[in-house]
Amino acid sequence: MIDLYSVPTANGQRVHIMLEETGLPYEPHFVNLRGGEHLEKSFLDKNPFGRVPAIVDNDGPNGEPISIFEGHAILAYLAEKSGQLYPDDLGVRTQINIWMSAVSANLGPAFAAQFWFTTLAPERSDMAIERYISEAHRGLRALDLLLSNQDYIAGSEYTIADIHAYPVAATSGARLDGALTPYPNIRGWSETIRKREAVKRGMVLFTDAG
Ligand SMILES: N[C@@H](CCC(=O)N[C@@H](CS)C(=O)NCC(=O)O)C(=O)O
C-alpha cells in the first residue's frame, strides 16, 4: 500500500492522477498547510523540505518502505513500479525527461512565484508579479509550440510527461488573465486529457478538504 500526502494544487494533482492511472492501491492523507502540518517532524521525515506531495511506498525496493518527494521523482517511481506510461524507447524517454525537467524547473516555479506575489506576499510588488506572469507565459508558449506538431508531449503516446504538465495548464494556467486563450494547442491537448476517468478522479481528490 502507498500512503499519499498531498493537497489539491497542481503539484499534488499530478501525483493523484498518476496513482489513479496506474491503479496502484493508495491511501490519501490531506496535509493541512495552513495548520503547519508539513513542518512537523512526522512530515519532515517523509520530505525534509517540508513540501507536499510526498508518498511512502510501504512495499518499496527489496520490500522495504521508501519515502519519495518531488512530483517528477514520484511519477518516475510509480511508472517504473507499475511498468506504465514511461516507454523504454530512449528517444521517447529523453523527450519525457526534457519536458518533465522543464516543467519542474521553469513553469512550476514561475506559477508558484506568481501565486505567492499575487496572493500571499505581505506587500504588493507589480514588478515581481509581472516578471513571474511573463515567465509563466514563456513556459506556456514553449509548450504550445511543442503541441502544435504532436498530440502528446513525447509524441503520439500519453505518458508521465503529460500527467506532469497537465495540472499546470488546467489549474495554474486557469489563474492567468485570459487563462489559456492564447494557447490553442494546449487547450486541445488539455481537453483530451481532461476526459480521462483517472484524470477526473485525480483532479477532484481533496477538493472538499480543509
Ligand atoms: N518542487 C515540488 C514543489 C512542491 C511544493 O511547492 N508544494 C507546495 C504545495 S503546492 C508546498 O508544499 N508548499 C508549502 C511550503 O512551501 O511551505 C514538487 O514538484 O513536488
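Given the condition within 16 Å of the ligand (Cβ to nearest atom), touching a Gly at 6+ places or on another chain (Cβ under 8 Å) and in contact (Cβ under 8 Å) with a residue 12 or more places away in the chain, answer yes or no: does some residue in segment 129-143 qualify?
First pass over segment 129-143, keeping only residues within 16 Å of the ligand (Cβ to nearest atom): 132, 135-136, 139.
Right, trim to touching a Gly at 6+ places or on another chain (Cβ under 8 Å) and you get 136.
Right, trim to in contact (Cβ under 8 Å) with a residue 12 or more places away in the chain and you get 136.
Yes, some residue in segment 129-143 is within 16 Å of the ligand (Cβ to nearest atom), touching a Gly at 6+ places or on another chain (Cβ under 8 Å) and in contact (Cβ under 8 Å) with a residue 12 or more places away in the chain.
Go through segment 86-138 and give me each residue that's within 19 Å of the chain's Cα centre (by Cα) and among the hydroxyl-bearing types (S, T, Y). Once the filter is applied, which keeps residues that are within 19 Å of the chain's Cα centre (by Cα) and among the hydroxyl-bearing types (S, T, Y), segment 86-138 yields Y86, T94, S101, S104, Y132.
Assessment of segment 158-180 against the conditions (at positive phi and open to solvent by 20 Å² or more (accessible area, probe 1.4 Å)) yields at least one matching residue.
In summary, F43 fulfils each of the numbered conditions (1) aromatic (F, W, Y); (2) more than 9 Å from the ligand (Cβ to nearest atom); (3) open to solvent by 40 Å² or more (accessible area, probe 1.4 Å) with the single exception of condition (3). Here is the figure for segment 8-22: residues that are open to solvent by 10 Å² or more (accessible area, probe 1.4 Å), over 11 Å from T171 (Cβ atoms) and near the ligand (Cβ under 10 Å from one of its atoms) total 0.
For the residues E37, E27, the requirement of being surrounded by 15 or more Cβ atoms within 10 Å (Cβ to Cβ) and of a type in the set (D, E, K, R) singles out E37.
This table checks each residue for (1) modelled with pLDDT under 95; (2) assigned to a loop (DSSP other than H, G, I, E, B).
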residue	(1), (2)
Q150	no, yes
E157	no, yes
K200	no, no
D208	yes, yes
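Filtering segment 46-78 to residues that are away from the ligand (no atom under 12 Å from the Cβ), open to solvent by 40 Å² or more (accessible area, probe 1.4 Å) and not in a helix (DSSP H, G or I) leaves P48, N58, D59, E64, P65, I66, S67. Within the set of pairs 6+ apart or on separate chains, which have a first residue in segment 12-36 that is outside the structural domain of Y166 (by TED's automatic domain parsing), a second that is at pLDDT 95 or above and of a type in the set (F, W, Y), and C-beta atoms under 6 Å apart? From segment 12-36, the pairs are L19/Y26; H29/Y5; F30/F206; V31/Y5. Is at least one residue of segment 118-125 open to solvent by 40 Å² or more (accessible area, probe 1.4 Å), in a helix (DSSP H, G or I) and under 14 Å from S172 (Cα atoms)? Taking every residue of segment 118-125 in turn, at least one turns out to be open to solvent by 40 Å² or more (accessible area, probe 1.4 Å), in a helix (DSSP H, G or I) and under 14 Å from S172 (Cα atoms). Per the listing I133, I96, the residue uniquely open to solvent by less than 20 Å² (accessible area, probe 1.4 Å) and part of a helix (DSSP H, G or I) is I96.
The values are calculated or read from the model by the stated rules, or taken from the named source; none is laboratory data. Just so it is clear, the structure is predicted and the values come from calculations on it, not from any experiment. Note that each Cβ is placed from the backbone with ideal geometry, even for glycine, and that neighbours are counted across all protein chains shown. Ligands, DNA and RNA are stripped out before the accessible areas are found, and what is left, the full protein with its side chains, is counted by its heavy atoms. Shrake-Rupley method; radii C 1.70, N 1.55, O 1.52, S 1.80 Å.
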